[in-house]
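Participant: Here it is, the structure in full.
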Amino acid sequence: SAAHLSLITDTQCLKTLNKINHFGVRVCHLLNEKNPVPMVLEMMLEHVEMHGLYTEGIYRKSGSLMTTLCSDPNSACLEDYPIHTVTGLVKQWLRELPDPLMTFTHYNDFLHAVAPDCKLQHLGEAGLPPRQAGTLVCLILISSTVIIYKEAHNRMSPNSLAIVFAPCILRCPDSADPLLSMKDVAKTTT
């Protein structure tokens, strides 16, 4: 059952060591009472909010990637990198999660929740784990800030952000092939 799976996952997360790679690991490994949102993601999103809201194509364009942030976020100086590098890392961090923010367990529930004939309340009923929910809320908040500035500056509409982030936060559990996973993206971006 989902409750049993959640208990096993939480137990696995509690056994994680403090010094870990910040990319490609489960969200729960990066959280504690002090950090309800993964520190590396929070650092990147705060940097984007402070320095990138007026940048055209803020999440659409890619930059060169840096590796310091992966292993030791505290020693990385984000100001030394172009904003597109930081936004590229946000997308990379999301893509490398072993279980996406919108978890594999509830994949079909999420697709059903965005169907035209479905009520919005179903998304909450899908049962997103609290650890993923907090991180997703943080991502949604910065995305809404990006949208506020879209018209005159960064040209990122809600649909543009959906196209960028949907494949990163919602992936098909039945396929390791990203192209096959894209078959349902149209449902999440319209």
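Participant: If you take the beta carbon distance between HIS51 and ASP99 as r and set R0 to 41 Å, what does 1/(1 + (r/R0)^6) give as a FRET efficiency, to the nearest 0.05?
Facilitator: 0.85
Participant: Please report LEU111, LEU30, LEU141, LEU78 as a ranked list, fewest other C-beta atoms within 10 angstrom at the top and most at the bottom.
Facilitator: The fewest-first ordering by Cβ neighbours comes to LEU141, LEU111, LEU78, LEU30.
Participant: Further, regarding this structure: Restricting attention to the range 22-113, which chymotrypsin sites (Phe, Trp or Tyr not before Pro) occupy a DSSP loop and are surrounded by at most 13 other Cβ atoms within 10 Å? Write out the running numbers ahead of the final one.
Facilitator: Values: sites: PHE23, TYR54, TYR59, TRP93, PHE104, TYR107, PHE110; in loops: PHE23, TYR54, TYR59.
The qualifying sites are TYR54.
Participant: Can you put GLU49, GLU79 in order, fewest other beta carbons within 10 Å first? Intermediate results must be reported in sequence, preceding the final value.
Facilitator: Details: GLU49 13, GLU79 9.
With the sparsest Cβ surroundings first, the list reads GLU79, GLU49.
Participant: Suppose R0 equals 30 Å; then what is the FRET efficiency for ASN159 and SER75 from their Cβ-Cβ distance, rounded to the nearest 0.05?
Facilitator: Computed FRET efficiency for ASN159 and SER75 comes out at 0.20.
Participant: How about the range 28-62: which trypsin sites (Lys or Arg not before Pro) there lie in a loop by DSSP and see at most 14 other Cβ atoms within 10 Å? Could you put the intermediate results ahead of the total?
Facilitator: On the way: sites: LYS34, ARG60, LYS61; in loops: LYS34, ARG60, LYS61.
Sites meeting the loop and neighbour criteria: LYS34, LYS61.
Values in this text are rule-based calculations from the coordinates and carry no lab data. Predicted model, so just to flag it, every value in this text is computed and none were measured. Backbone-built Cβ (ideal geometry, glycine too); neighbour counts: all protein chains shown.
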